[in-house]
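Before any comments, here is the structure.
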Amino acid sequence: MIIYGAGAVGKVMYETLKKYDVIAECFCDDNPNKTEFCGLPVYRLNEIKQFGSPLFYMSVTDIKDAVRRLDERGFCNWITVVKLLKQFKSDDHYLQYAVDMAAICQEAYYKNNLFIHSVDLIITERCSLKCKDCSNLMQYYDNPKDCDTKEILYSIDKLFESVDEIGEVRVIGGEPFMNKEWNVIVKRLIAEPKLHRVVIYTNGTIIPKNMPKSDKIFVFITDYGELSGNIDTLVSRLNVPYHVSKAGGWTACSDIEWHDRTPEENTQMFKNCCVRNLITLSNRRLYRCPFAANIVRLGKIKDFDSVEITRKQIKTLLNMESMCSCLYCNGRPYGAEEIEPAIQREL
């Protein structure tokens, strides 16, 4: 018995299964940097053959991707434990959020509907920091501006008319609190019955006013040390669940340059990308990732990869196996070498 996913949800599953005398042999994870977790070894799928035909307990949110990876390697024995995940309760806001999202995504997998795990919603190009390696390409905007609220609300309406269910919408920028109408957008999202969670990503520099109180909202605060000077005040005023995380996990993926890859190489890079499922909403169009959305917003390439917000086109997007945008990206594979985060540009 192997737990697929060596993360927060994997730890919860490991400890929960032990209560029922179900003892896992090891963990399996796509990140090659993970070698041990909860005192057990962590293997990649190509290393699992030594166990014959194991049973995988799924502790991942992107379960569709995980099942595909298992199928490609001939593993067909896997189960979810949605009921156990839905029973989990914790005072740790992040742990509760992670387990809830895993349960939502795994439960949706069995439904015959159009479900999207996560959608990034760009509401501004402006940011209070000037990180030269921003993976969302904010450093390339010479005259950053807020996105038009009416356009955003129109796109949100179209999106939820076209799908059956969305796990989370991640409100991003730039720094989303730079947009003074952020709360108008968030209120529309929390009122949407087809949406489970609204996650706001902030760098801890701005104290927002009039935070809507809703059990749907989760605020993810990245701590950039001295640059994030208002974190303590922000946390003291929040009336919704939140999590503070030290900046980390940055890779050299922010350059925009042409890579002369074959179609096969481009497809493989897309398959190995850790953000290929961050569906992004921008300018009334949907993209597979924030890089693709922003490289088009910046006018660096023509728009070959986006789709209109219709049910048929969304299905096409979710089944995409490569993008033209990938040819301009260094790639973000699991376990890529990390770089120092949040180095500020010289003005």
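Model label points for Glu257 and Asp164, set 7 angstrom from Cα along the Cα-to-Cβ axis, are 4.5 nm apart.
In a simple Cβ point-charge model (Lys, Arg +1; Asp, Glu -1; nothing else charged), the chain has a dipole of about 920 debye relative to its Cα centre.
Candidates Leu137, Ile339, Val296 compared by Cα position along the dipole of the chain: farthest toward the positive end lies Val296, with charges placed on Cβ.
Taking Cα centre as origin and charging only the Cβ of basic (Lys, Arg, +1) and acidic (Asp, Glu, -1) residues, the dipole magnitude of the range 8-58 rounds to 40 debye. Projecting label points 7 angstrom from Cα along Cα→Cβ for Asn46 and Val22 puts them 3.0 nm apart. For the range 8-21, putting each phi into the Karplus relation 6.51 cos²θ - 1.76 cosθ + 1.60 with θ = phi - 60° gives couplings of 4, 5, x, 5, 4, 5, 4, 5, 5, 5, 4, 5, 9, 6 Hz, in residue order, rounded to whole numbers and with x for Gly and Pro.
Which value, in debye to the nearest 20, gives the size of the charge dipole of the range 26-150 about its Cα centre, when Lys and Arg are +1 and Asp and Glu are -1 at the Cβ?
240
Angle of helix 63-72 to the longest C-alpha principal axis of the chain, folded into 0 to 90 degrees and rounded to 10: 50°. Distance from the C-alpha centroid of the range 223-249 to that of the range 306-330: 33 Å, rounded to the whole angstrom.
Hey, can you grab everything whose amide H is under 5 Å from the amide H of Ile200? Only 5+ residues off in sequence or another chain; H modelled, so Pro and N-termini drop out. Close amide H contacts, sequence-distant or interchain: Val171, Phe218, Val219, Phe220. 3J(HN,Hα) along the range 196-207, derived from phi through the Karplus expression 6.51 cos²θ - 1.76 cosθ + 1.60 where θ = phi - 60°, amounts to 8, 9, 10, 10, 9, 9, 9, 9, x, 9, 10, 9 Hz, with x in place of Gly and Pro.
Amide H contacts for Gly7 (H built 1.01 Å from N in the peptide plane; partners 5 or more residues away or on another chain; cut-off under 5 Å): none found.
Only the coordinates and a few stated rules stand behind these numbers; no lab work does. Keep in mind it's a predicted model, so treat the numbers as computed, not measured. All Cβ positions, glycine included, derive from the backbone under ideal geometry; neighbour counts span all protein chains shown.
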